[in-house]
Amino acid sequence: MSLLLLAEQVLNGLQFGIMLFLMAAGLTLVFGVMGLINLAHGSLFMVGAFAAAAVAGATGSFVLALIAALAAAAAAGALVEVLVIRRLYAREHLDQVLATFALILIFSESTRWLFGSFPLFLNIPEALSGPVTLPGGIQYSLYRLTLIAIGLAVAFGLFLLISRTRLGIQIRAGESDREMIAALGVDISKLYTIVFALGAALAGLAGALVGAIQSVQVGMGEPVLILAFVVIVIGGIGSIKGALVGAILVGLTDTLGGLLLPLFFGLFMDNAAATSTGSALASMSIYILMAIVLVVKPSGLYGAKA
Amino acid sequence: MSRETLINTALALALLGVPLWAYAVDEPFIITLATKVAILALAGVGLNIALGLGGLVSLGHAAFFGIGGYAMGILASHAQTYTAITDWPVLIEGTKSMPVIWLVAVVASGIAALLIGALSLRTSGVYFIMITLAFGQMLYYFAISWAAYGGEDGLSVYVRNGFPGLNTLDPIQFFAITFVLLLAALLFSARLAKSPFGLALNAARQSPQRVETIGLSPYRLRLLAFVISGMITGLAGALFADLNRFVSPTMFSWQTSGEIMVFIILGGTARLFGPVAGAALFIILEHILGGLSEFWHIYLGLLLLLVVLFAKGGVIGTLAGREQAHD
């Protein structure tokens with residue numbers, strides 16, 4: 001195996017991890033501030049991807065498509081929050097799971113009804129297509145590199161938002177004591193809507209960005225949602241930093257496991273058996289990582305007490 | 001007889017009566033639908049032990065449903081081709097006998113539930129939901145990449161497995177098997193809830209600290225409940241595979257976990273017959289709405305949303321009123 005291939009796979013893992021972070025950040029924020037488990041977060045990812053594909057198809061502009069994805073996901077998020085989610089904050093987790101499961105059914109089938117069952121395609125913008133040569137002679141897709149850059153920029157922006165702005169102060173205060181900040185005159189239900197819409201917009205952005213490198217179809221959100229859950233379990237609920245570290249760990253484990261495990265088994269097995277054992281184990285590797293973290297730290301790497 | 005007992009009896013009689021009527025008028029498809037209700041209700045009865053009695057919101061019970069299904073698929077496909085599953089260290093051959101398949105399905109899903117439960121129960125609340133979901137998904141991907149047993153395409157079995165003394169190819173006889181198993185599981189579940197174990201488990205759900213103070217370990221109680229729950233759902237999985245004569249990774253998918261939970265909630269959480277009412281309602285809706293519109297899941301979603309937001313007790317709760325303190 002060449003070092004170049006390894007470097008390329010590390011970058012792929014990083015890119016995958018950063019996109020998972022965009023999903024996990026919204027989930028963990030919503031859980032941290034409102035105490036809500038939202039299964040429909042994957043649907044917002046899908047909404048973003050479909051909005052981007054539809055707008056890019058109509059206008060041909062990728063920037064407009066991204067704006068549409070952000071707007072559509074944030075609007076869908078705000079709407080759902082006001083109509084449904086708001087009634088669930090005081091409920092037990094079982095009710096939240098079921099109501100948001102119902103929302104997945106509604107979102108998925110409505111999208112199928114609007115756009116049909118066939119996948120849509122979202123093209124990589126002209127300016128970002130093709131490879132670039134990185135130091136060391138590594139050829140790598142410029143688009144994927146841009147995804148890493150955008151993701152890191154969003155992570156940094158989110159960090160500034162939470163640690164430096166008034167909204168961030170309110171979010172942090174909401175995490176520790178919601179009655180108190182309501183008593184201090186903050187409109188708590190407006191704050192919740194904003195936080196939910198913010199999480200939704202991040203999911204929609206991820207959907208649109210990832211939509212250009214895979215097909216845009218109904219049900220694309222749920223596998224990502226479940227991986228985002230794994231990320232949160234590893235990183236610790238409510239911690240943005242944990243989400244970032246967990247996402248990158250999961251991204252790298254998934255990508256490198258698929259590459260290295262078959263090679264590893266190839267050392268002492270024949271080729272066909274090594275490939276099948278290796279790929280079966282690779283598909284389980286991130287869950288094994290999660291299990292190890294659970295045994296060592298049940299509340300996640302950066303979590304408060306579970 | 002309380003109102004809930006009355007409703008339960010009526011439900012059991014209806015589930016028995018409808019296929020008997022269908023048998024009389026020669027409508028085998030309706031018998032198959034009733035069989036499906038009985039099997040899915042059985043899966044729900046399994047989950048309800050963890051969810052209703054133990055308060056463990058497991059979103060990964062498809063794992064056990066799928067393991068039960070694959071136990072049937074693997075054993076029956078080897079018996080079909082007369083090949084051994086393994087010849088080392090001991091010779092293990094496939095089988096077409098339902099009781100043997102059930103035993104394997106129950107033991108295998110019990111072991112899986114022990115492993116998954118031992119890890120997941122180290123946490124609680126929302127972590128537990130996410131982790132059980134993740135472990136279910138792990139097995140889903142494993143089944144997809146397991147090329148020896150069909151991978152993504154799944155496994156077909158040409159002839160339904162046999163039960164001594166019965167002709168399982170006859171829909172009404174296969175229904176009878178599933179109905180008896182469902183009743184047995186319901187009886188077991190009712191006895192379990194009133195047993196010392198069930199009472200301690202219920203107490204651990206309401207106040208783990210107090211249970212710990214009197215010297216019981218909530219962790220062990222929950223783990224045992226989770227294992228029993230997984231075993232029953234695994235049995236349902238084996239029956240479901242036999243009904244379709246087909247297993248595929250879909251049985252492991254997170255939607256399956258969600259649907260098993262939906263049966264319970266539509267019927268009424270922690271109600272003995274909740275899963276029966278819920279599974280029946282689900283199949284009836286699938287049949288009626290599915291005929292009206294290709295997008296019937298939208299209506300299912302709306303209904304589920306309404307039940308969760310406004311009618312917390314589900315079907316049985318609405319009909320039978322508030323739950324009695326010790327029932």
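Name the shape class, rounded, prolate or oblate, that the alpha-carbon gyration tensor gives for the stretch A:202-305, where a ≥ b ≥ c are the square roots of its eigenvalues, rounded holds for a/c under 1.5, and otherwise prolate holds if a/b is larger than b/c and oblate otherwise. In terms of gyration-tensor shape, oblate. For the protein assembly as shown, the antiparallel share of DSSP beta bridges with both residues in that region comes to about 90%. Ordering B:H297, B:H287, B:H78, A:H41 from the fewest to the most neighbouring beta carbons within 10 Å gives B:H287, B:H78, B:H297, A:H41.
Here the label points at A:K241 and A:L263, each 7 Å from Cα along the C-beta direction, are separated by 3.3 nm in the simple model. When peptides A:93-102, A:278-287 are ranked by their average number of other Cβ atoms within 10 Å per residue, the highest-first order is A:93-102, A:278-287. Here the dipole of the stretch A:132-214 is about 200 debye; that uses its Cα centre as origin and unit charges on the Cβ of Lys and Arg (positive) and Asp and Glu (negative).
Label-to-label distance for A:I292 and A:R91 is 3.8 nm, based on points extended 7 Å past Cα in the beta-carbon direction.
Rounded to whole numbers, the Karplus 3J(HN,Hα) couplings from phi for the stretch B:110-116 are x, 5, 4, 5, 5, 5, 5 Hz, using 6.51 cos²θ - 1.76 cosθ + 1.60 with θ = phi - 60°, and x at Gly and Pro. Per-residue packing, averaged as other Cβ atoms within 10 Å, sorts the ranges A:225-232, A:7-14 into the order A:225-232, A:7-14, beginning with the highest.
Counts of other chain beta carbons within 10 angstrom of each beta carbon in peptide A:224-233 average 4.
Taking θ as phi - 60° and the Karplus parameters 6.51, -1.76 and 1.60, the scalar couplings of the stretch A:27-42 work out to 4, 6, 5, 5, 5, x, 7, 9, x, 10, 9, 10, 6, 7, 4, x Hz in sequence order, x denoting glycine and proline. The gain in end-to-end length when the A:T133 to A:L161 segment is fully stretched comes to 6.7 nm, 0.36 nm per residue minus the alpha carbon separation. Between A:L3 and B:E294, the simple label model (points 7 Å from Cα in the Cβ direction) yields a spacing of 5.4 nm. Among the residues of B:295-305, the average count of other protein chain beta-carbon atoms within 10 Å of the residue beta-carbon is 6. Anisotropy class assigned to chain B is oblate, per the alpha carbon gyration tensor with a/c at or over the 1.5 cut-off and a/b no larger than b/c. Reported to the nearest whole Å, the Cα centre-to-centre distance from the stretch A:222-238 to the stretch A:103-138 is 21. Think of the stretch A:3-219 as having a plus end and a minus end, set by charges on the Cβ of Lys, Arg, Asp and Glu; of A:L66, A:A206, A:Q15, A:L66 sits farthest toward the positive end of this dipole.
Computing FRET efficiency as 1/(1 + (r/R0)^6) for A:L64 and B:Y219, where r is the C-beta to C-beta distance and R0 is 60 Å, gives about 0.65. Considering only the other residues whose Cβ falls under 15 Å of the Cβ of A:G168, what net charge follows from Lys and Arg at +1 and Asp and Glu at -1? Charge balance near A:G168 sits at +3. Using the Cβ of A:G235 as centre and a radius below 12 Å, the other residues enclosed give a net charge of +2, where K and R count +1 and D and E count -1. Across chain B, C-alpha contacts under 8 Å between residues 6 or more apart give a mean separation that, scaled by the residue count, equals a relative contact order of 32 percent. Calculated mean residue ellipticity, 222 nm, chain B: -23500 deg cm²/dmol, from DSSP H runs (n ≥ 4) at -39500 (n - 2.57) each, averaged per residue and rounded to 500. Placing +1 on the Cβ of every Lys and Arg and -1 on the Cβ of every Asp and Glu, with no other charges, gives the stretch A:3-219 a dipole of roughly 200 debye about its Cα centre.
Under the convention that each Lys and Arg Cβ holds +1 and each Asp and Glu Cβ holds -1, the size of the dipole of the protein assembly as shown around its Cα centre is about 1540 debye. A cut-off of 5 Å between modelled amide H atoms, ignoring neighbours fewer than 5 places along the same chain, links A:L122 with A:V216. For the peptide B:246-259, the mean number of other protein chain Cβ atoms found within 10 angstrom of a residue's Cβ is 2.
Between B:I85 and B:I92, B:E93, B:G94, the built amide H atoms are under 5 Å apart, and every one of these is 5 or more places off in sequence or on another chain. Taking a ≥ b ≥ c as the square roots of the eigenvalues of the Cα gyration tensor, the stretch A:1-87 is oblate, since a/c reaches 1.5 or more and a/b is not larger than b/c.
Positive end of the dipole of chain A (Cβ unit charges, origin at the Cα centre): among A:F264, A:L184, A:I240, the Cα lying farthest that way belongs to A:L184. For the stretch B:277-288, the Karplus equation 6.51 cos²θ - 1.76 cosθ + 1.60, evaluated at θ = phi - 60°, returns couplings of 4, x, 5, 4, 4, 4, 5, 4, 4, 4, 6, 6 Hz by residue, with Gly and Pro reported as x.
Each value in this text was obtained by applying a stated rule to the coordinates, not by laboratory testing. These figures come from a predicted structure and were not determined experimentally. A quick note on method: Cβ atoms are made from the backbone with ideal geometry, for glycine too, and the neighbour counts reach across all protein chains shown.
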